[in-house]
Amino acid sequence: MTARISSQRYAVEDYQEALDLCYQRGWTDGLPVVPPTESAVRAMLDAVGLEPDAQVAFITNRQVAISAEKVAINAVMAGCRPEYMPVVVAAIEGIADPRWGYHGPATSTGSAAVLTIVNGPIARRLDVNAGDNLFGPGWRANATIGRAIRLVMRNVVGTLPGRLDRGTFGHPGRYTYVIAENEAESPWTPLHVERVGCRPTDSAVTVMAALSPIQFYNQLSATAAGVLGTACDAMRYPGQVGQPNYCVVLAGEHMRTIAADGWSKADIRKFIFENTTNTIAHFKRTARIPGEVKPGDETATRSLVISPDDILVVAAGGRAGSFSCYIPGWGGRTSSEAVTVVIKERSA
Amino acid sequence: MAGFEILDPTVEPRRQPLTYVPRPDSLKGKRIGLVENTKFNSDRLLLKIGEILKKEYGAAETKMWRKHNAGVPAHKEILDEAACSVDVVVAGIGD
């Protein structure tokens, strides 16, 4: 690939000067970055077979075109290996999808992060962690793919804290928030197969505007309904009302208990949907929705999400420990929708 | 010393000219469009503003539309209807 890389170039003497320049220009997330040299950027582009000026996505409300070149530069800075690039590109396509609604989750005081779930063979090939310490540090793919997404948001789309990112609390997942599904041990249909009809041999990435993971504990139940009953009790008192999606991440022990009862992901979604409703009276008393409590409000109910399909069920997390977690989506019911994008890989 | 070059990771937003429609000298007799953004009480706030514009500035009437959600621009139906049924529009966003 020889097409010209058109980004402005800055001459530096050494790594320290490159780093100082990146900090000075406001190009980092606060952590040191890898200097984006032309050779490193070209390796990123080669990994996806894209010309530098190829448009990966367009963010309508910002009128910003995200070129392959800019994705590659930010991926280098984030510390990605070139083979991670197809995942980064697919995730950027996902957050630019009108269903994801970039402006809301990127800008809102509600502080969403981009929960990024990788499915398919690429997750195993790139060693995207799906097991112990799922959301924790230690895996290069998890750490740098999510970081690249955030650097693109910051440097290309202008999602800068205090300016076009008005998050009240921000979110630790804004450094990175990438997991894989534990397809090797999961008894269930993988997320991408369920959501967009992929084959299990396809790879895909699902992006969801998401709040923090909230862990729940059940060491006592030997049944699916028992384990998920605990989940529902925790989930039905949300901090806000009307999220478009929830993600439920079931770790090893709970996964095995639920699967032993023969429950599918559809069964899990249905159970959670049916057992997380609340009365309108409750929401009014706790100031989640406006108005005085009226007589009918004690029996009128509201579901957690509009449909059971709005609950993403993912098998991931450590094999040991009677814990699983759920992750509330960001925003109102129509504000942002989780999007699954098939990862395009270059044929070898 | 062998230096090297690094590449700029940022872009300049696409510049586009914005042309403002001339503002009316007076709101007297004008039809006022109100675009509600779905946030709590935004409808009440805009109706109140509409009342003030009628009472104190002589506006003729108000008409309200509701966006799909706060994070998106007003959709096409709102723009098309507003273009042929009102003279000025009041919109805003807030929490």
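With respect to residue A:16, is the statement that it is more than 8 Å from every other protein chain (Cβ to nearest Cβ) and either within 14 Å of residue B:4 (Cβ to Cβ) or open to solvent by less than 30 Å² (accessible area, probe 1.4 Å) (or both) true?
yes
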From A:131, A:104, which residue is within 13 Å of chain B (Cβ to nearest Cβ) and either in contact with a Gly (Cβ under 7 Å, 6 or more places away or on another chain) or open to solvent by 30 Å² or more (accessible area, probe 1.4 Å) (or both)? A:104
On the given criteria, is residue A:318 small (Gly, Ala, Ser), under 20 Å from the mean Cα position of the chain (by Cα) and either over 30 Å from residue A:101 (Cα atoms) or open to solvent by less than 10 Å² (accessible area, probe 1.4 Å) (or both)? yes
So which residues in segment A:19-70 are touching a Ser or Thr at 6+ places or on another chain (Cβ under 8 Å), buried (at least 21 other Cβ atoms within 10 Å of the Cβ) and either more than 11 Å from chain B (Cβ to nearest Cβ) or at pLDDT below 95 (or both)? A:56
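Report yes if residue A:110 is surrounded by fewer than 24 Cβ atoms within 10 Å (Cβ to Cβ), outside any strand (DSSP E or B), out of contact with any Lys or Arg (no Cβ under 7 Å at 6 or more places or on another chain) and not basic (Lys, Arg), otherwise no. Spell out how you get there, then give the answer.
Details: surrounded by fewer than 24 Cβ atoms within 10 Å (Cβ to Cβ): yes; outside any strand (DSSP E or B): yes; out of contact with any Lys or Arg (no Cβ under 7 Å at 6 or more places or on another chain): yes; not basic (Lys, Arg): yes.
Yes; evaluated as a whole, the condition is true for this residue.
Filter segment A:321-338 down to the residues that are away from every other protein chain (no Cβ under 14 Å), closer than 29 Å to residue A:102 by Cα and touching a His at 6+ places or on another chain (Cβ under 9 Å) and list them by number. Steps first, answer last, please.
Here is the first cut: in segment A:321-338, the residues away from every other protein chain (no Cβ under 14 Å) are A:321-328, A:338.
Checking the rest, the ones that are also closer than 29 Å to residue A:102 by Cα come to A:324-328, A:338.
Matches in segment A:321-338: A:324 only.
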So residue B:6 fits all but one of (1) assigned to a strand (DSSP E or B); (2) open to solvent by 60 Å² or more (accessible area, probe 1.4 Å); (3) under 30 Å from residue A:77 (Cβ atoms); what number is the exception? (2)
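Does residue B:59 count as surrounded by 15 or more Cβ atoms within 10 Å (Cβ to Cβ), at pLDDT below 95 and either in a strand (DSSP E or B) or not acidic (Asp, Glu) (or both)? Even if it seems obvious, please write down each step before you answer.
Working: surrounded by 15 or more Cβ atoms within 10 Å (Cβ to Cβ): yes; at pLDDT below 95: no; either in a strand (DSSP E or B) or not acidic (Asp, Glu) (or both): yes.
Criteria not met by residue B:59.
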Scanning segment B:35-56 residue by residue, those outside any strand (DSSP E or B), among the hydrophobic types (A, V, I, L, M, F, W, C), away from every other protein chain (no Cβ under 14 Å) and closer than 29 Å to residue A:331 by Cβ turn out to be B:46, B:47, B:49
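Rundown of residues vs (1) free of Cβ contacts under 8 Å to residues at least 60 places away in the same chain; (2) within 14 Å of chain B (Cβ to nearest Cβ); (3) over 27 Å from residue A:203 (Cβ atoms), yes/no style:
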site: A:231; (1), (2), (3): no, no, yes
site: A:237; (1), (2), (3): yes, no, yes
site: A:304; (1), (2), (3): no, no, yes
site: A:342; (1), (2), (3): no, no, no
Looking only at segment A:83-101, and only at residues there that are open to solvent by less than 10 Å² (accessible area, probe 1.4 Å) and within 14 Å of chain B (Cβ to nearest Cβ), the one that is farthest from residue A:49 (Cα to Cα): A:100
Taking into account only those residues within segment A:71-82 that are part of a loop (DSSP other than H, G, I, E, B) and not basic (Lys, Arg), which is surrounded by the fewest Cβ atoms within 10 Å (Cβ to Cβ)? A:79
State which residue is nearest to residue A:214 (Cα to Cα) when the search covers only segment A:243-276 and only residues that are touching a strand residue (DSSP E or B) at 6+ places or on another chain (Cβ under 8 Å) and in a loop (DSSP other than H, G, I, E, B). A:251
From the list B:45, B:7, B:53, B:27, pick out the single residue that is out of contact with any helix residue (DSSP H, G or I) (no Cβ under 9 Å at 6 or more places or on another chain), hydrophobic (A, V, I, L, M, F, W, C) and more than 23 Å from residue A:289 (Cβ to Cβ). B:53
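The values are calculated or read from the model by the stated rules, or taken from the named source; none is laboratory data. On a predicted model such as this, the values are computed, not experimentally measured, just so you know. No Cβ is skipped: glycine too gets one built from the backbone with ideal geometry, and neighbour counts run over all protein chains shown. Heavy atoms of the whole protein, side chains included, go into the accessibility calculation; ligands, DNA and RNA do not. Shrake-Rupley method; radii C 1.70, N 1.55, O 1.52, S 1.80 Å.
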